[in-house]
Amino acid sequence: MTGDETPAPGAAGQPGQAWPPAFDTSVAHQARIYDYLLGGKDNYAADRAAVEAGLKIWPDVAHSARANRAFLGRAVRYLTAEAGIRQFLDLGTGIPTAGNLHQVAQAIAPETRVVYVDYDPIVLAHARALLTSHEAGATDYIDADLRDTGRILGEAAELLDFTKPVAVTLIGILHAVPDTDDPHAIVARLMDAVPSGSYLAVCHPGLDLLSQETTDRFTDVTDRMVRGDFVFRSREQVARFFAGTDLVEPGLVTAEEWRPDPGGAQGTSSLWCAVGRKP
Ligand SMILES: C[S@@+](CC[C@H](N)C(=O)[O-])C[C@H]1O[C@@H](n2cnc3c(N)ncnc32)[C@H](O)[C@@H]1O
């Protein structure tokens, strides 16, 4: 699907009205904003206008989106090649782009199994692309809200063996869950379901990595989005997601500081990132 095609009919999708977000091109969607920031084509005028507004407030936002995606690639390579992980539960998948999680992992270990979870209808429309697994491994897609952990874990168990280590990846999604929905409890429920030797990977916009003016004014962007929750969290708040895990080196750092590739992108991403192992 390209950004020029007629969208499937859906509910209205005004903030607070439709849940999960309906396919409405007149309101910005997080998945399509991210797609635009990464140079993709699955976005509409409302998404691009939200990005233009965002760039005026947070000029490094496009760099942060690329740094987020690059962290995903390095974390998955680490988990597959060095930690020996062969099962992933990826929450907040996003629109497929270069270097999707299963492609990164299966390039190293073709037998890897990946379950993707996202609640956005445009990501669902691309689910088939996410399911093009290496024949030695397998992929699946669950159309669900992150908050619905019971259903996610139940359906993921059809592909993943929860008696063996699983990497739970929450990369660029937890900021979309407000404190009122207790994202720390959501992460704890997911990590409770996986055995010792499992991993958690998180990348999250940092409240203390941006000026207060930037984070305050960011409502100019979120007001344009369907379900425009966007919560910046401090390093300490992000660290609490890793309760009950041991952080792998170099710990909780900015995206570009986490195991950088030689000659990798420089710059300041304003994202806290880490990988933790459940002992
Ligand atoms: C910024 S993209 C990140 C994509 C990918 N993880 C990456 O790092 O490249 C965030 C994705 O999370 C999804 N998302 C946000 N809140 C969600 C929720 N409560 N349940 C499921 N998916 C959610 C959005 O639809 C979007 O596709």
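The values are calculated or read from the model by the stated rules, or taken from the named source; none is laboratory data. Please read all numbers here as calculations on a predicted model, not as lab measurements. A quick note on method: Cβ atoms are made from the backbone with ideal geometry, for glycine too, and the neighbour counts reach across all protein chains shown. Calculation scope for accessible area: heavy atoms of the full protein, side chains included, ligands and nucleic acids excluded. Shrake-Rupley method; radii C 1.70, N 1.55, O 1.52, S 1.80 Å.
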Computed log₁₀ I(q)/I(0) - Debye formula, equal Cα scatterers, no solvent, the stretch 69-136, q 0.12, 0.16, 0.22, 0.23 Å⁻¹: -0.27, -0.49, -0.91, -0.99
Sites matching GluC sites (Glu not before Pro) across the stretch 91-171 that sit in DSSP coil, with at most 16 neighbouring C-beta atoms within 10 Å: 111, 135, 158
Net charge, residue 49 excluded, C-beta distance under 12 Å - Lys, Arg +1, Asp, Glu -1: 0
In the stretch 30-134, the trypsin sites (Lys or Arg not before Pro) that fall in loop regions by DSSP, at most 13 other Cβ within 10 Å: 41
Select from 63, 29, 204 the residue whose mean-square fluctuation is largest in a Gaussian network model of the chain (Cα-Cα springs shorter than 10 Å). 63
Reduced Cα scattering model of the chain, Debye log10 I(q)/I(0), q = 0.07, 0.09, 0.14 Å⁻¹: -0.23, -0.38, -0.99
Around residue 70, with a cut-off of 9 angstrom between Cβ atoms, what is the net charge of the other residues, counting Lys and Arg +1 and Asp and Glu -1? +1
Mind telling me which of 98, 75, 201 comes out most flexible in a GNM of the chain, alpha-carbon contacts under 10 Å? 98
Farthest toward the dipole's positive end in the stretch 95-234, which of 176, 231, 102, given Cβ charges of +1 (Lys, Arg) and -1 (Asp, Glu) about the Cα centre? 102
Which whole-angstrom value gives the distance between the alpha carbon centres of the stretch 161-201 and the stretch 100-137? 18
Farthest towards the positive end of the dipole of the chain, among 29, 121, 40 and with Cβ unit charges of +1 on Lys and Arg and -1 on Asp and Glu, lies the Cα of 40
How much accessible surface area, in Å² rounded to 10, belongs to the heavy atoms of residue 180 with a 1.4 Å probe? 130
